[in-house]
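A short write-up of the structure that comes next.
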Amino acid sequence: NAGVTQTPKFRVLKTGQSMTLLCAQDMNHEYMYWYRQDPGMGLRLIHYSVGEGTTAKGEVPDGYNVSRLKKQNFLLGLESAAPSQTSVYFCASSPYRSSYNEQFFGPGTRLTVL
Amino acid sequence: DAKTTQPNSMESNEEEPVHLPCNHSTISGTDYIHWYRQLPSQGPEYVIHGLTSNVNNRMASLAIAEDRKSSTLILHRATLRDAAVYYCILRSANAGKSTFGDGTTLTVKP
């Protein structure tokens, strides 16, 4: 199993550009999550999904959109990138409720917005 | 929302036990206590979790206070590879309530 993979690993955008980050998991997990991590800080939840076709807002959803058209994929979109969105983005998945299940994290995508 | 408080940093000597504390005084009855660690330039990695009773696995032990307002992650013999940021997190039934604090940076000295 590859576990959780993220594409791309690195990206540099100019202010106002758009992009989509792809997260894929091959563990048949129901729940998927997108986090951001700013330098020297912990992770903050952006959006999450409890199943195919469903998404919900997390702690810091503004400026991002998500889609879960297939169970194994969770996409994070930035419609108009801003320098404040410079961060490392992590995707995670869990079998069911994260309260009593571990989360499996991807390796991260480092995004710089100029 | 229930929050956790951890020391910013701790140091340990190699092959000695390490006790990483976490305070969560506003924990609710259905919150699970999770610990993750993050090595440099990597995604977080699950360590252990528990609800009320102490827990052991191959990586660590988790000691939970009787009132559940605090917990301690115990690494029995620290190695250089255990140097990481350790996060104590409360997980509720609401998947959206999933907040990582700033964690404890553990330094292991040879």
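Throughout, read-outs are computed from the coordinates displayed, never taken from laboratory work. Just so it is clear, the model here is predicted, and its values are computed rather than measured. FYI the Cβ positions are ideal-geometry reconstructions off the backbone, even for glycines, and counts take in every protein chain you see.
Please give the contour-minus-distance gain from A:LYS9 to A:SER67: 0.36 nm per residue of separation, less the Cα-Cα distance, rounded to one decimal in nm.
Going from the current span to full extension adds 18.9 nm.
Return the whole-Å distance between the Cα centroid of region B:33-110 and the Cα centroid of region A:1-64.
Cα centroid of region B:33-110 versus Cα centroid of region A:1-64: 22 Å apart.
Please give the average number of partner chain Cβ atoms lying within 10 Å of the Cβ of each residue in B:38-46, rounded to a whole number.
6
Excluding residues fewer than 8 places away in the same chain, name every one of the lysines whose C-alpha is closer than 23 Å to that of A:LYS71.
Qualifying lysines at Cα under 23 Å: A:LYS9, A:LYS57, B:LYS97.
Can you spot the aspartates and glutamates whose alpha carbon is less than 13 Å from B:LYS69's alpha carbon? Ignore those fewer than 8 places along the same chain.
Partners found: B:ASP31.
Taking only Cα atoms and a 10 Å spring cutoff, compute GNM fluctuations for chain B and point out the largest among B:VAL55, B:VAL18, B:VAL85.
Maximum fluctuation in the GNM of chain B, among the listed residues, is at B:VAL55.
Calculate log10 I(q)/I(0) of region B:1-47 for q = 0.20, 0.30 Å⁻¹, where I(q) comes from the Debye formula with a single equal point scatterer on each Cα and nothing for solvent.
-0.91, -1.22
Based on Cα positions only, what radius of gyration and what Dmax would you give for the protein assembly as shown, in angstroms?
My reading of the Cα-based Rg and Dmax gives 17.5, 52 Å.
Per residue of A:102-110, how many C-beta atoms from partner chains lie within 10 Å of its own C-beta, taken as a mean?
4
Residue by residue through A:29-41, how many Cβ atoms from other chains fall within 10 Å of the Cβ on average?
2
Any idea what Rg and Dmax come out to for chain B if you just take the C-alpha atoms, in Å?
Cα-based Rg and Dmax for chain B come out at 13.3, 42 Å.
Find, to one decimal place in angstroms, the Kirkwood hydrodynamic radius of region A:5-99, where the mean of 1/r is taken over every pair of different Cα atoms and then inverted.
13.5 Å
Just name one of B:HIS76, B:LEU39, B:SER9: the one whose Cα is farthest towards the positive end of the charge dipole of chain B (beta-carbon charges, Lys/Arg +1, Asp/Glu -1).
So the residue we want is B:LEU39.
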